[in-house]
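The values are calculated or read from the model by the stated rules, or taken from the named source; none is laboratory data. These figures come from a predicted structure and were not determined experimentally. Cβ sites come from the backbone with ideal geometry, for glycine too, and all protein chains shown count toward neighbours. What goes into the accessible areas is simple: the full protein's heavy atoms, side chains included, and nothing from ligands, DNA or RNA. Shrake-Rupley method; radii C 1.70, N 1.55, O 1.52, S 1.80 Å.
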Amino acid sequence: MVALIYWDNAVSSTETGFMRQLTRILDLLEHLAANGDMSLADLSVALELPRASTHRLLVSLEERTYVEHDGESRKYRLGPAVRHLAARRTEAAIVRIAAGALSQLRAMTGETVNLAVVSGSRLVYAATLDGIHQPRMSADVGHEVEPHATALGKAILSRLSAEAREAFLPKEPYPAYTPATITTAEALDAELEACAARGYAIEVEESTLGAACIAAPIEGIDGLPVGGLSISGVPARIPDSSYADLAQELLSRCAAIAAQLGAPIAAMAT
């Protein structure tokens, strides 16, 4: 009986210590999220912990990239692991929220519809519904979206700054998949400016001969693109005269998805 009581007390003490440490870690991350870059001294005061204890927490979090240390300012900030966690949550939410929009667009057009998400520095197909017409376009979930040669890629890139786009793009000259593929940064920048001005992107035989596509971006809560929706088929079934109507259908659904993600939609509704 004495041994059992001792064991229970030991387990209880271990659990209490774990919970205390977990609370400190969460408090530290929340302080960095709320205040931006903070020094060791500032974090020590905020957490009401000795500097040595605070530093041990920071070292552990830095090893897992939940925290970054700036050598010049000697301050700490949230690291990429935190952003990746948030991104994965956003990706799952987009797929769930967009399911209805994909079904509606496929029923309305009979064409293949796709959902792409921003995953780190990649654009990835997250969901697709094949069209009912032949020939039909198809894409595989999990495969990378070519940023410079697809309507989805251009729609998403058009909402990024020139500097931010570089993380997604290959080195020049960009790979050419057909004679119509854009292969230079200068030509792509001009195309992306046009996409941004009208709010959607168009692709005609840039990634695949005999394929046409129209796409619009989905904005996240920070106003940056988190994904996009597209309708793809053959050029004869997606002529120039259909762009405006199809774009409006895409934009309205992208705006609705953005709203459910908590994003500002004013810019996307225009």
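Structure notes:
- Selection within segment 60-113 - open to solvent by less than 80 Å² (accessible area, probe 1.4 Å), over 18 Å from the mean Cα position of the chain (by Cα) and among the charged types (D, E, K, R): Glu62, Glu68, Asp70, Lys75, Arg77, Arg106, Glu111
- Listed by first and then second residue, the pairs linking a residue in segment 133-160 that is under 17 Å from Leu102 (Cα atoms) and open to solvent by less than 80 Å² (accessible area, probe 1.4 Å) to a residue that is at pLDDT below 95 and not in a helix (DSSP H, G or I), with Cβ atoms under 6 Å apart and 6 or more places separating them unless they lie on different chains, form an empty list.
- Yes/no for Ala176 being in a loop (DSSP other than H, G, I, E, B), more than 22 Å from the chain's Cα centre (by Cα), within 12 Å of Glu206 (Cα to Cα) and free of Cβ contacts under 8 Å to residues at least 12 places away in the same chain: yes
- Restricting attention to segment 212-230 and to residues that are closer than 15 Å to Phe168 by Cα and of a type outside the set (Gly, Ala, Ser), the residue that is most open to solvent (accessible area, probe 1.4 Å) turns out to be Leu224.
- Just so you know, in segment 238-254 the residues that are aliphatic (A, V, I, L, M) and more than 9 Å from Ala216 (Cβ to Cβ) include one that is surrounded by the most Cβ atoms within 10 Å (Cβ to Cβ), and it is Ile238.
- Checking every residue in segment 69-87 against the condition of being within 20 Å of Cys213 (Cβ to Cβ) and without any contact (Cβ under 8 Å) to a residue 24 or more places away in the chain gives zero matches.
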